[in-house]
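Values quoted throughout were computed directly from the atomic coordinates according to the rules given, and no laboratory measurement underlies them. As the structure is a computational prediction, the values presented were derived from the model and not from experiment. Cβ atoms come from the backbone with ideal geometry, glycine included; neighbour counts cover every protein chain shown.
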Amino acid sequence: MATEERAATSSENAVRKVVIAGGGTAGWMTAAALAADLADAGLEIELVESPEIGTIGVGEATVPFIHTFNRMLGLDQADFMRRCNATFKLGIEFVGWRDVGESYFHSFAQFGPNFKDVSFYHMYLRYAALMAAKGADVPIEASNVGAVAARHSRFRHPHTVEKSGLPPHHYAFHFDAALYADYLRTYATARGVRHISGRIVEVAQVPETGFIKSLRLEDGRVLAGDLFVDCTGLAGLLIEKTLGSGYEEWKHWLPCDRAVAVPCAKAASPIPYTQASAEASGWRWRIPLQHRTGNGMVYSGAFADSDDAVEARLMEAIDGEPLAAPRRIRFTPGRRREVWVKNCVSVGLASGFLEPLESTNIHLVQSIAFKLLSYFPDRHFDQREIDAFNAEMQLEIEHIRDFIILHYKVTEREDTPFWAYCKHMSVPDSLQARIDMFRPHGRLFVKPGEFFTYNSWLSVMHGQGLRADRLVRQIDRLTDEEVIAYFEAFNGRVASVVASMPAHDAYLQAFVSARDTVTALRGAAGR
């Protein structure tokens, strides 16, 4: 077949219209991504959402991958932060997870570099032992600029920090998820996405293939399309109720299946990190925004005294006046067996749910959106491409699942039935293999492309109390004096760089008040 004939055939089979069922953060992120990449190629995009159906909207913390998404859309960072009441996020403080009264920090920044081909972590273990013999306790986070900056509530953009010779320094955001959805709705509709208000009452399928043909709304309107995106949340109206994807439940590994959330008035200047505090039957989050603080409790119904008791504990713990009534949520941790079925791709809660412990739910929306663009189909919907897409999503969500389970499994707590269960529960073989590999010599093998890096696994494993039984032989090539000199120099540089940073709140205000990112960076750098 001639090139011109093949091109014509391809054009004839092109997906011409995408219908997104459901709005919220997942729907509008997907619409914005499709519009940014394909609207100028003639793709028609419609998003239908019901004003009667609210969104869960508890996801207000993110991971650094959001920069990739926002850059793809061409968003100005200062404008985005201003419009979404965003603050900077350097990581997560985990309070009471290893044991009551203890805390550690999972930072997005890297630890120190290797020295003479000896890994940083093994040098740290030897250094900690040397210092302990002298009666000094030097936490591992003293060698991480993100953790130290967070502890001192300081911030500066990474390009300035890295000029000091420190390793890469990453950050994310806290923001109002509802405002972010509105922001992206404005972005998407300005690029041709058609916004339809209505409630879906029927999903019509092609009798011969089972493919979705159209959605009928309560007022009688019919929305036909080639490709459908299910953003209907936990209900999974298209992917599950219509196409029967199936659901793989992980409650035996992730026992938390309920949440209650409440916003409160800002009681102090926002800090540049999320707080996750362990509780008797789960954990409590605190997320600082410019205008308010997000609070919530994630817990296990099987181990909690009652929903009322958990809500009362949350209301007791918040540090500002409540701005709304507490909202209760129930969920089943797990994933759809197939994220993409026939001509329907599920996004957000419709594709599965992992609790927000490591702020990965917004990331998974963005990841699916990117993969959909990479595998964007024609109207043949080649099953080999769909299978490859599903396999990639399965690997990614299972990797994130294992990382979250790690926080519960590796603990010294047995003071409540919930924590005793977590400590002694069986875990996926893939996670157990990582734990077993770490125990002898503190070895961590993270494959290229895995979402959580070596530094993340090390932060949580060490923070939760997991330790190597023995040091690697390579450590013997360094003298005690060399190890001590390394950490005195590196930790001293970290402390010096952090001391030169402005307070997070002052830097934030200077940055978001500027007209654009370039002006913002120049103005904030002087603070």
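A compact table of results
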{"quantity": "Kirkwood estimate for the range 183-277, i.e. one over the average of 1/r between Cα atoms, Å", "calculated": "17.8"}
{"quantity": "Projected label distance in nm at Arg477 and His380, using a 7 Å step from Cα toward the beta-carbon", "calculated": "5.4"}
{"quantity": "Cα point-scatterer Debye curve for the range 378-434, base-10 log of I(q)/I(0) at q = 0.18, 0.27, 0.28 Å⁻¹", "calculated": "-0.68, -1.02, -1.06"}
{"quantity": "Evaluated at q = 0.06 Å⁻¹: base-10 log I(q)/I(0), Debye formula over Cα of the chain", "calculated": "-0.31"}
{"quantity": "DSSP H segments from the chain that extend 27 Å or more along their own axis, Cα-based, with Kyte-Doolittle mean of 0.0 or above", "calculated": "480-499"}
{"quantity": "Partners for Lys409 among aspartates and glutamates (Cα-Cα distance below 14 Å; same-chain residues under 8 apart left out)", "calculated": "Asp99, Asp429, Asp436"}
{"quantity": "For the range 227-383: lysine pairs under 30 Å (alpha-carbon distance), excluding those fewer than 8 apart on one chain", "calculated": "6"}
{"quantity": "Residue order, fewest to most beta carbons within 10 Å, for Val145, Val298, Val483", "calculated": "Val483, Val298, Val145"}
{"quantity": "Cβ-based exposure ranking for Asp176, Asp76, Asp308, Asp137, in which fewest neighbours within 10 Å come first", "calculated": "Asp137, Asp308, Asp76, Asp176"}
{"quantity": "Radius, Kirkwood style, for the range 369-527 when every pair of distinct Cα atoms is counted (Å)", "calculated": "20.7"}
{"quantity": "Value of Rg/Rh across the range 45-186 [Cα atoms, Kirkwood radius]", "calculated": "1.09"}
{"quantity": "14 Å beta-carbon shell around Pro448, net charge (K/R +1, D/E -1)", "calculated": "-2"}
{"quantity": "Sum of side-chain charges, Arg413 neighbourhood, beta-carbon under 13 Å (Lys, Arg +1; Asp, Glu -1)", "calculated": "-3"}
{"quantity": "Alpha-carbon centroid distance for the pair the range 429-479 / the range 301-318, whole angstrom", "calculated": "35"}
{"quantity": "Proximal lysines to Lys116, defined as alpha-carbon separation beneath 24 angstrom and excluding residues fewer than eight positions away on the same chain", "calculated": "Lys163, Lys447"}
{"quantity": "Trypsin sites (Lys or Arg not before Pro) restricted to the range 118-223 and DSSP loop, no more than 12 other C-beta within 10 Å", "calculated": "Lys134, Lys163, Arg221"}
{"quantity": "Global form of the range 59-136, assessed from the alpha-carbon gyration tensor, a/c cut-off 1.5", "calculated": "oblate"}
{"quantity": "Projected-area mean, the range 258-330, by convex hull of Cα positions, square nanometres", "calculated": "4.5"}
{"quantity": "Segment Glu414-Leu444, length gained on full extension (0.36 nm per residue, minus Cα span)", "calculated": "8.1 nm"}
{"quantity": "Nonlocal amide H pairs with Ala224, under 5 Å, H built at 1.01 Å", "calculated": "Leu215"}
{"quantity": "Estimated inter-spin distance, Asp99 and Glu44, nm [label 7 Å along Cα→Cβ]", "calculated": "6.5"}
{"quantity": "Residue order, fewest to most beta carbons within 10 Å, for Glu482, Glu279", "calculated": "Glu482, Glu279"}
{"quantity": "Cα gyration tensor of the range 314-418 - equivalent ellipsoid semi-axes, whole Å, descending", "calculated": "34, 18, 11"}
{"quantity": "Convex hull volume per residue for the range 195-237, taking Cα atoms only, in Å³", "calculated": "86"}
{"quantity": "Beta bridge orientation in the chain: antiparallel %, DSSP, nearest 5", "calculated": "70"}
{"quantity": "Zero-based 10 Å bins, Cα pair distances in the range 286-376, whole percents", "calculated": "13, 35, 30, 17, 5"}
{"quantity": "Helix-derived mean residue ellipticity, 222 nm - over the chain, DSSP H n ≥ 4, -39500 (n - 2.57), to 500", "calculated": "-12000 deg cm²/dmol"}
